[in-house]
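Notes follow once the structure below has been shown.
The values are calculated or read from the model by the stated rules, or taken from the named source; none is laboratory data. Remember, predicted model here, so these are calculated numbers, not experimental data. We place every Cβ from the backbone using ideal geometry, glycine too, and count neighbours over all the protein chains shown.
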Amino acid sequence: MKKITKTYHKLIFGDAEDMRELEDKSIHLVVTSPPYFNAPFDYPDLFESYEAYLEKMRKVARELRRVVADGRIVCLVCDDILINGKKYPVVADLTKIYLEEGFIYRDKIIWIKPEGYIRISRRSGVVLQHPYPMYFYPDNIQETILVFQNGKFDYKKIPETIKEKSKIDVKEYQENKWYLTTWNITNVLPLSNRIEEGVAAFPEEIPYRLIKLFSYVGETVLDPFMGSGTTNKVAAMLGRNSIGYEIDLELREVVKEKMGLKKNSLFEKNYEVEIIIRDDARRLRSFLQEKVKNQKSVVKNAKRKTTGII
Ligand SMILES: C[S@@+](CC[C@H](N)C(=O)[O-])C[C@H]1O[C@@H](n2cnc3c(N)ncnc32)[C@H](O)[C@@H]1O
């Protein structure tokens, strides 16, 4: 069996606008999914306004520009968001912020989820009730993966042995069509009792592809919006070190479980994890999830009335 490289993981509970623990240019890849502004399925009312949200995203982008090594990649899984009937152009605004902060816009990949799963609103049903022009609102089954680069990458700097260890399996690349700008990947289903309940977690396949495509074995991957720790777990599986920042201290147990740190974990481990709790960590989850529940029941009742489909 192939020996997994020993890796190190630092999980920091605190605000990612301040990454004081990280040295300049010490990160080789960022894979993250920023908060979805005040999305009802994520953390409603986390931000005072859309402007405050964008300002926070800019501060994090600025820190990333400092800590990401030359030529390296930042991947943001994000999407435009619909809140109370208003659509916010998150993808365009984040692109603009990252460009203004000095990153190069390298690529955009569209993650397509299976058609059967749509979060909360099934907007297209309106046409079934009103089959006339102007009633059309499509259901969203996609998210965007924005890929930015921090200047030019020096391919010659990587030793041959590391290159060989990090070789991409071309068969997997071809068969699963990683080479396209659209990736068909099943999302994490919102089932109750899963460890990520209440966290808008992405499936492991997303960091799995990005880490293999954009980092070398033994390097360090950062997720500034760690959530349940999906990026960190996959980094460990792939022989990369990782750092995570998460503002909500209530996610500590979720992250520990995902990283296989709980007793009786079946996970075969060859890594060390350090957890740091800073003064600026907050407790958000239970309070905000109560809000989500209330909103869900409102949406459910409204949908029954307006669309007739659930
Ligand atoms: C969309 S979730 C990330 C989910 C993660 N990709 C996963 O698979 O579990 C965004 C996370 O960012 C966290 N967050 C929001 N603002 C933050 C901040 N200023 N600093 C650090 N984390 C923050 C939220 O608490 C939430 O857990």
Just checking, how many residues over segment 1-43 are hydroxyl-bearing (Ser, Thr, Tyr), more than 9 Å from the ligand (Cβ to nearest atom) and touching a Pro at 6+ places or on another chain (Cβ under 9 Å)? 0
Tell me the residue from Leu46, Leu64 that is modelled with pLDDT under 95 and touching a Pro at 6+ places or on another chain (Cβ under 8 Å), please. Leu46
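Quick grid of which residues meet (1) without any contact (Cβ under 8 Å) to a residue 40 or more places away in the chain; (2) within 12 Å of the ligand (Cβ to nearest atom); (3) not aromatic (Phe, Trp, Tyr):
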{"residue": "Asn184", "(1), (2), (3)": "no, no, yes"}
{"residue": "Val188", "(1), (2), (3)": "yes, yes, yes"}
{"residue": "Val199", "(1), (2), (3)": "no, yes, yes"}
{"residue": "Pro207", "(1), (2), (3)": "no, yes, yes"}
{"residue": "Ile211", "(1), (2), (3)": "no, no, yes"}
{"residue": "Met226", "(1), (2), (3)": "no, yes, yes"}
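Just a yes or no: is a residue in segment 95-107 over 30 Å from Leu54 (Cα atoms) and among the β-branched types (Val, Ile, Thr)?
No, because not a single residue in segment 95-107 is over 30 Å from Leu54 (Cα atoms) and among the β-branched types (Val, Ile, Thr).
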Those strands (runs of 3 or more DSSP E) completely within segment 52-119 that have 1 or more residues that are touching a residue at least 24 places away in the same chain (Cβ under 8 Å) and not aromatic (Phe, Trp, Tyr) are 68-78, 81-83, 104-112
